[in-house]
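*Asks:* Shown below is the structure under consideration.
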Amino acid sequence: MANIKKGDTVQVITGADKGKQGTVLAIVSDNSRVIVQGVNLKTKHNRVSQNDRGVKQGGIETVEASIHISNVQVVDPGTKKPTRLGARLDKVTKNGVTKTVRVRVAKKSGKDI
């Protein structure tokens, strides 16, 4: 599994939406897919129904479909371009207890993500 998390800004690197950037809304881990805001938009037809107040719901709406996790790359916060990710171990002392924390780092600029 890649190091992409919910809330990351990613860019599509291949496919019909190549070059588009968006925020990861959800990760579907069982088949390695992500849902990115504004990317891979599909039209969904919902059956018209009524709620308890009698208001009709349904029709045609546009929703984001999932895209394979290998087709997106995390955006570097400094350059706003796609980058690979690395990891760095930092020691953090809190209340007299020292812990080792894993920090994600952009490979191009070296900045924390």
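The values are calculated or read from the model by the stated rules, or taken from the named source; none is laboratory data. Model, not experiment: these values are computed from the prediction. Cβ sites come from the backbone with ideal geometry, for glycine too, and all protein chains shown count toward neighbours.
*Asks:* If you take the residues in the range 1-36 that are within 10 Å of the chain's Cα centre (by Cα) and exposed (fewer than 12 other Cβ atoms within 10 Å of the Cβ), which one is nearest to ASP76 (Cα to Cα)?
*Replies:* Going through the qualifying residues, I end up with GLY7.
*Asks:* Further, regarding this structure: Among the strands (runs of 3 or more DSSP E) confined wholly to the range 72-113, which include 2 or more residues that are farther than 26 Å from ARG33 by Cα, out of contact with any strand residue (DSSP E or B) (no Cβ under 9 Å at 6 or more places or on another chain) and among the small types (Gly, Ala, Ser)?
*Replies:* none
*Asks:* Could you list, in sequence order, the residues of the range 60-96 that are within 30 Å of ASN46 (Cβ to Cβ) and in contact (Cβ under 8 Å) with a residue 24 or more places away in the chain?
*Replies:* GLU64, ALA65, SER66, ILE67, HIS68, ILE69, ASN71, VAL72 - these are the residues of the range 60-96 that are within 30 Å of ASN46 (Cβ to Cβ) and in contact (Cβ under 8 Å) with a residue 24 or more places away in the chain.
*Asks:* Still on this structure, please answer the following. (1) of a type in the set (Ser, Thr, Tyr); (2) more than 11 Å from the chain's Cα centre (by Cα); (3) under 22 Å from LYS108 (Cβ atoms): which one isn't true of THR62, the others all being true?
*Replies:* Unmet condition: (3).
Let's see how each residue does on (1) outside the structural domain of GLY22 (by TED's automatic domain parsing); (2) loosely packed, with under 12 Cβ neighbours inside 10 Å; (3) under 24 Å from GLY15 (Cβ atoms); (4) among the polar types (S, T, N, Q):
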residue: GLY38; (1), (2), (3), (4): no, no, yes, no
residue: THR43; (1), (2), (3), (4): no, yes, yes, yes
residue: ARG47; (1), (2), (3), (4): no, yes, no, no
residue: GLY54; (1), (2), (3), (4): no, yes, no, no
residue: LYS91; (1), (2), (3), (4): yes, yes, no, no
residue: VAL97; (1), (2), (3), (4): yes, yes, no, no
residue: VAL101; (1), (2), (3), (4): yes, yes, no, no
residue: ARG104; (1), (2), (3), (4): yes, no, no, no
residue: SER109; (1), (2), (3), (4): yes, no, no, yes
